[in-house]
Amino acid sequence: MQLNSSRSAPYLFLAPFVLSFLIFGAYPIIRSMILSLYITSGPEAQQFVGLDNYLHLLQDPDFWTAFRNTATFAIGSVALQLPLSLGLAILLNRSDMRGRNVFRFIFFSPNLMGLVFSALLFMLILAPKFGLLNASLHALFGLPSTTRWLSTPELVMPALIMVALWLYTGFNMVYFLAALQSVDGELYEAATIDGAGRWSQFWHVTLPGIKPVLIFVVVLSTIGSFQLFELAYLLLGNGSGPDQAGLTIVMYLYQNGFLGGDLGYAAAIGWTLAGMVLILSMIQLRLTGAGKEGR
Amino acid sequence: MQVEAVDTAQGPIRRWLDDMPLGLAPLLIAGMGLIAGLYLLIHPVHTPQADLTMWVFGPLHADAYKKAAKGFPTKTDHEVDVHHEVDIHHAVDVHHEVDIHHEVDIQLINYNAVNQKLRSALWAAVNIPDLVEIEKSAAGGFFRGPLNKVGFLNLKPYLERDGILERIPANALATYTDRGAIFGLPHDIHPVMLAYRADIVDPYLAQRGLRMEDLATWDDYFRELHGLLIADERYLLQVEHGDAWAFQIFLMQRGGGIFSPHGELRMDDEIAVQTMAWMIPLVAASGDKQVAVSLGNWDPSYYRGLIEGYYIAVLCPDWRSSQLQTFAKDLHGKMRLVPLPAPAPGGLRTSQSGGTMLGITRSAKDPDLAWQFAKRIYYGSPQQHGRLFRITNILTPDRQAWSDPAYHEARPYWSNQVLGEQFIALADEVPPFYSSGFLPAAVAKLNEAMVSCYGHYRSYGADGFEAFVRQRLKSAADYVRGQMAREPDWDAKE
């Protein structure tokens, strides 16, 4: 009796999580997968279309616009953010740097403000004619003050990347700071004795030392970038911007599901996005060799 | 031997705990669960037991409706009087019914959240409100699907029964009419006027022996005011080319629209082509041919531009006039409103923009009671509408309310113009706006087309511009038609 009870104990401990996961996690996942096979117009109007939603999606130019925009944002923000974050982290990890704690706080502080506040702030900064950025560019370089950062198709994505840079560089810097502090100092001493310069130390000591964190940040930033919605939604006035220049995959999902009312098509977009992110993450892990180290 | 002594000293409770089959931890968890359960049993979560639940996204609306909900009876005083004359015993019963207070729970929900919350509620069939206000652009999305399964009640029979149809300008109902059913009551009409800087324009025109009211067409407007134009410093109108807001105003003024009354897409018809071909050069032309400028419709710069005199006039629906009062306070006493100049002599002097509907959901607990309340807040006392008009400048479609003094007061901000009378004079001319579940997709495609047309005009000027507009609008419309073609014929399936 005692033996049976001991055997069942782990299952009983796990039961609350498993039950809530089945109800609130697994069921919605399966339900949304089934939903993606229907055209819907409200709860009582559904028609089974099989894979037609997915086939239509592949031929839908708006979806590809959204994909292109999202990929541009992901590449642009990750490619700029990570070197900047790492550079800041290396700079602020130096023991001889004065006021480094103050700077660490300053660079991290945009994260304390929240996305909505940041978006509102940048709406004012980027405003044409009377915004701070335009006024500064005009005063310093004589550039026109009427630049419409959020209303010119070519400038929408650079503006979004710029805001994301301001928001998340400090956040990623904290990850890198933690990683840098875990690199054994004796390795640098040994490298110095062996005649390695700063650049060589960075390539052969620092980077291998922080590699797991670097991969983690790259994968997480990429996934986060592919899920871009709130920032674009807020900055572009609840829309996708001029010429759909700010249309992201999640925004396209939102437009179809919650504005257009076709939750079936929206579910198909969601599952396609999930597939893309999965494949992309696997490629990143494969390229960086992250999986091999654990074996 | 020593161990046994300790065991004995532990006592029966400790022994009982030790004998628990899964140990102490599960017992603790179970105990905590029991305590939490008992607490909830003793202090149950309060669920409002209101007779009606209503969702509203406008704070001012919510305040007004809360006031109207106080003392909301089931029968009108008029009905009581009639019964009193006929049968005194019956009258006593009816009077008793009047005394019953019906509680209405007015819930203020964020503008963007209310649509999602309603959609989720309808899907899950949980916590569906009895009444809900939604914005015009989102309304069409809720009218999709089989007619008898739309989430809202058809209010046409109620409107006809209570003689309210005649009190509302017919076009105000068009937005919320689908396949012959009226799913929403219009809260407003939203005539569009031209708001302009009277302190700059009026003295200039006076020198030329003219008044703003004399400029009957857009051609007159741009020609007579051309002397005020200073490239890069002052423009004659704010027209945003990055979104379709201004375009829709001009389009409806010319008798066009995005959808027809029967739900067919018409965003690429000849009226739309001509409107686009006329509008884009206003902002895209070079030199002194550029008479209008884009500075965003919703940015803080929009107000700043008017205050600084970067442009001297804006398209102004009734709701925007109160926004100007709030966000461009510096212009107090310097602004005036005039009817929109017409596209051509004798043409329409107004247009339409924005709107809110009140719907009664199909799952309303007591549809008749919901209708009584809807009537009370939308077609109730003129004083109630007057109070709201003083704050929002929004014109109710209920003609009976227009007698309230609020609609006949001079407004100092608007150079002592009588705002209400200005809007009322245009109310019957406001063109209809037809909604559709595909409106967001159509508007997104219009935005795209506009940006393309703007770019084309900037690059190539007027050469081949109309043909480009025609082709660009057609490709945009074809995309939307492709989306619409996927929609099953729900009513046929029924």
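Data for the structure
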quantity	calculated
Against the rule of thumb 2.2 N^0.38 Å, how large the Cα Rg of the range B:137-272 comes out	1.44
Convex hull projection area averaged over all views, the range A:28-173, Cα basis, nm²	13.6 nm²
Eligible aspartates and glutamates near B:LYS70 by straight Cα distance, threshold 15 Å, same-chain separation 8 or greater	B:ASP51, B:ASP99, B:GLU103, B:ASP105
Residue-count net charge about B:LEU27 - beta-carbon cut-off 13 Å; Lys, Arg +1, Asp, Glu -1	-1
Of A:PHE216, B:LEU324, B:SER137, farthest towards positive along the dipole that unit charges on Lys, Arg, Asp, Glu beta carbons give the protein assembly as shown	A:PHE216
Given charges at beta-carbon only (K, R positive; D, E negative), |dipole| of the range B:324-395 in Debye	160 debye
Alpha-carbon Rg with Dmax, taken over the range A:128-186, Å	17.8, 55
Loop-resident sites, the range B:168-249, for trypsin sites (Lys or Arg not before Pro), counting at most 16 other Cβ within 10 Å (DSSP)	B:ARG179, B:ARG208, B:ARG211
Which of A:MET33, A:LEU19, A:GLY50, positive extreme of dipole for the range A:1-112 (C-beta unit charges)	A:LEU19
Loop-resident sites, the range B:272-302, for chymotrypsin sites (Phe, Trp or Tyr not before Pro), counting at most 15 other Cβ within 10 Å (DSSP)	B:TRP298
The range B:335-494: C-alpha gyration tensor shape, a/c 1.5 cut-off, then a/b vs b/c	oblate
About the Cα centre, charge dipole magnitude for chain B (Lys/Arg +1, Asp/Glu -1 at Cβ), debye	1060 debye
Whole-number Å³ per residue for the convex hull built on Cα positions in the range B:177-256	149 Å³
Antiparallel DSSP beta bridges within the protein assembly as shown, as percent of all bridges there, nearest 5	70 percent
When the range A:250-289 is reduced to its Cα atoms, the Kirkwood hydrodynamic radius in Å	11.0 Å
Percentage relative contact order, chain A, counting C-alpha pairs under 8 Å, at least six apart	27 percent
Which of B:ASN115, B:ALA364, B:ILE249, positive extreme of dipole for chain B (C-beta unit charges)	B:ILE249
Largest-first principal axis extents, alpha carbons of the range A:170-266, Å	66, 26, 17
Charge dipole (debye, nearest 20) of the protein assembly as shown; +1 at Cβ of Lys and Arg, -1 at Cβ of Asp and Glu	2060 debye
Neighbour-count order for A:THR146, B:THR326, fewest beta carbons within 10 angstrom listed first	B:THR326, A:THR146
Reachable lysines, given that their alpha-carbon falls under 16 Å from the alpha-carbon of B:LYS156 and they are not under 8 places away in the same chain	B:LYS375
Mean separation of Cα contacts under 8 Å (6+ apart) over length of the range B:205-350, as relative contact order %	31 percent
Antiparallel %, DSSP beta bridges [both residues in chain B], to 5	70 percent
Chain B: projected area of the alpha-carbon convex hull, averaged over directions, in nm²	38.4 nm²
Mean projected area (nm²) of the alpha-carbon convex hull when the protein assembly as shown is viewed from all directions	51.7 nm²
Rg(Cα) / (2.2 N^0.38 Å) computed for the range B:305-364, rounded to two decimals	1.58
Rounded, prolate or oblate (a/c below 1.5 giving rounded, otherwise prolate when a/b exceeds b/c) for the range B:269-314 by Cα gyration tensor	oblate
Unsatisfied cross-links (Cα-Cα over 27 Å) in the set B:LYS136/B:LYS445; B:LYS334/B:LYS445; B:LYS149/B:LYS445; B:LYS67/B:LYS334; B:LYS136/B:LYS474	B:LYS334/B:LYS445; B:LYS149/B:LYS445; B:LYS67/B:LYS334
Likely footprinting exposure, A:LEU253, A:LEU207, fewest C-beta neighbours within 10 Å first	A:LEU207, A:LEU253
Chain A: C-alpha gyration tensor shape, a/c 1.5 cut-off, then a/b vs b/c	oblate
Kirkwood Rh (inverse of mean 1/r, distinct Cα pairs), the range B:93-212, angstrom	18.4 Å
The range A:53-115 - Rg over Rh from alpha carbon coordinates, Kirkwood radius	1.28
Restricting the range A:46-136 to trypsin sites (Lys or Arg not before Pro) in coil, as DSSP defines it, with at most 11 other Cβ within 10 Å	A:ARG94, A:ARG98
Integer Hz, Karplus 6.51/-1.76/1.60 couplings in order for the range B:211-224, x for Gly and Pro	10, 4, 4, 7, 8, 7, 10, 4, 4, 4, 4, 6, 6, 6
Order of A:TRP203, B:TRP371, B:TRP123 under a 10 Å beta carbon neighbour criterion, fewest first	A:TRP203, B:TRP123, B:TRP371
Local electrostatic count at B:SER452 - Lys and Arg +1, Asp and Glu -1, tallied over other residues with Cβ under 9 Å	-1
DSSP H segments from chain A that extend 20 Å or more along their own axis, Cα-based, with Kyte-Doolittle mean of -0.5 or above	A:2-21, A:61-92, A:153-181, A:207-226, A:263-288
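None of the figures in this text is laboratory data; all of them are computed from the coordinates on show. In this text the structure is predicted, and so the values were computed from the model without any measurement. Ideal geometry is used to build each Cβ from the backbone, glycine not excepted, and the neighbour counts take in all protein chains shown.
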